[in-house]
Amino acid sequence: MNLRVLGCSGSIALDCRTTSFLLNDRVLIDAGTGVGDLALDELAQIDHILISHSHLDHVLGIPLLADSVMQRRLAREDYKPIQVHALPATIDALRRHIFNNVIWPDFTRLPTPERPIIELVTLEVGQRLSLCNLPIEVLPASHTVPACGFGVATTSGWWIYTGDTGPNPALWQTLRGRRIAQLVIETAFSDDERALAEISRHLSPSMLAAELAQLDADTSVAITHVKPGEMAAVTGQIAALGIGLTITALTRGDRFRF
Ligand SMILES: [Zn+2]
Ligand SMILES: [Zn+2]
């Protein structure tokens, strides 16, 4: 599997893009501002978008992507709508708050209800599905809104993305005994803002350490979703904790092969 990190920041600023990962050029995991760096031809190749939860930093690329690629996709002989996969509460939020003909046109019925550019598809935690030959599992997450993470089975083991989450014992239970190629886990705040991390169901470095202590696999860990301006504090605090795993910070533009 080829993985491109289009965005891995907790918010926007110069050179910071919000969460989006591109798998094998065809499957997008979350649709943050990183999507906007793809060329039009690359955008038009995306057949599936998996969404971890309804927060704006993860969904705002969907309506704009749909608009950008509509003519190209409709012109294809093998026309299919872009499938957006998410939990029922997330689908409901997209319908009510994005594709509501106020914030954005309802692209689930445009350009015609018979041939729309977007199709919304519900997921449930624990579900396994295959998209463009990628075996994908929907993983539990614990956030302020219904949320999930995603795992992809690769030849090197599982690639795991936690999504936005606070402490998440169900995830470590689910991953027990598995070979993990890479764990992408959020660390949104520094420990100086641990109280805020707890209220908003995110992680800070000391909370990350408590989570990783429940991981039984020896794997490379990549942190994501760090707020702009917090990277030095977060990585410094993680190093000081001496967690004992190889922990790096994802960088926009990173490419991996698993
Ligand atoms: Zn969130
Ligand atoms: Zn987020």
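Results, tabulated for the structure shown:
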quantity	calculated
Some residue of the range 102-121 being of a type in the set (A, V, I, L, M) and within 26 Å of Ala153 (Cβ to Cβ)	yes
Condition check for Thr162: touching a Lys or Arg at 6+ places or on another chain (Cβ under 6 Å) and within 16 Å of ligand 1 (Cβ to nearest atom)	no
Scope the range 11-39; condition out of contact with any strand residue (DSSP E or B) (no Cβ under 6 Å at 6 or more places or on another chain) and within 12 Å of ligand 2 (Cβ to nearest atom); matching residues	Ser11, Ile12
Inter-residue pairs, beta-carbon under 7 Å, first surrounded by fewer than 19 Cβ atoms within 10 Å (Cβ to Cβ) and aliphatic (A, V, I, L, M) and in the range 178-203, second part of a loop (DSSP other than H, G, I, E, B) and modelled with pLDDT of 95 or more, 6+ apart	Leu196/Phe189
Verdict on Asn133 being modelled with pLDDT of 95 or more and over 16 Å from Ile29 (Cα atoms)	no
Residue in the range 180-192 that is within 12 Å of ligand 2 (Cβ to nearest atom) and assigned to a strand (DSSP E or B) present	yes
Single condition Thr235 does not satisfy, out of (1) in contact (Cβ under 8 Å) with a residue 24 or more places away in the chain; (2) surrounded by 14 or more Cβ atoms within 10 Å (Cβ to Cβ); (3) not basic (Lys, Arg)	(1)
The listed residue being within 20 Å of the chain's Cα centre (by Cα), surrounded by fewer than 19 Cβ atoms within 10 Å (Cβ to Cβ) and within 21 Å of Leu203 (Cβ to Cβ), out of Pro146, Pro135	Pro146
Pick from the range 149-159, criterion away from ligand 1 (no atom under 16 Å from the Cβ) and in contact (Cβ under 8 Å) with a residue 40 or more places away in the chain, ranking: surrounded by the fewest Cβ atoms within 10 Å (Cβ to Cβ)	Thr155
Positions within the range 89-114 being touching a helix residue (DSSP H, G or I) at 6+ places or on another chain (Cβ under 7 Å) and either basic (Lys, Arg) or part of a helix (DSSP H, G or I) (or both), in sequence order	Leu94
Residues within the range 30-52 that are within 16 Å of ligand 1 (Cβ to nearest atom) and crowded, with 24+ Cβ neighbours inside 10 Å, tallied	7
Of all residues making up the range 40-57, the number that are within 15 Å of ligand 2 (Cβ to nearest atom) and either under 16 Å from Arg4 (Cα atoms) or part of a loop (DSSP other than H, G, I, E, B) (or both)	6
Residues (over 30 Å from Arg128 (Cβ atoms) and not β-branched (Val, Ile, Thr)) located in the range 66-105	Asp67, Ser68, Met70, Gln71, Arg72, Leu74, Ala75, Glu77, Asn100, Asn101, Trp104, Pro105
Filter pass, Ser130 being touching a Phe, Trp or Tyr at 6+ places or on another chain (Cβ under 6 Å), surrounded by fewer than 19 Cβ atoms within 10 Å (Cβ to Cβ) and hydroxyl-bearing (Ser, Thr, Tyr)	no
Selection count where residues are in contact (Cβ under 8 Å) with a residue 60 or more places away in the chain, closer than 24 Å to Leu139 by Cα and within 15 Å of ligand 1 (Cβ to nearest atom), scope the range 10-29	4
First in the range 50-72 and under 13 Å from Cys148 (Cβ atoms), second anywhere and surrounded by fewer than 19 Cβ atoms within 10 Å (Cβ to Cβ), Cβ under 6 Å, 6 or more apart	His53/Val145; Ser54/Val145
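Residues checked against (1) closer than 25 Å to Glu186 by Cα; (2) within 12 Å of the chain's Cα centre (by Cα):
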site: Ser9; (1), (2): yes, yes
site: Ala13; (1), (2): yes, no
site: Leu22; (1), (2): yes, yes
site: Ala44; (1), (2): no, no
site: Tyr79; (1), (2): no, no
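The values are calculated or read from the model by the stated rules, or taken from the named source; none is laboratory data. Source: prediction; values computed, not measured. Every residue, glycine among them, receives a Cβ derived from its backbone with ideal geometry; neighbour counts consider all protein chains shown.
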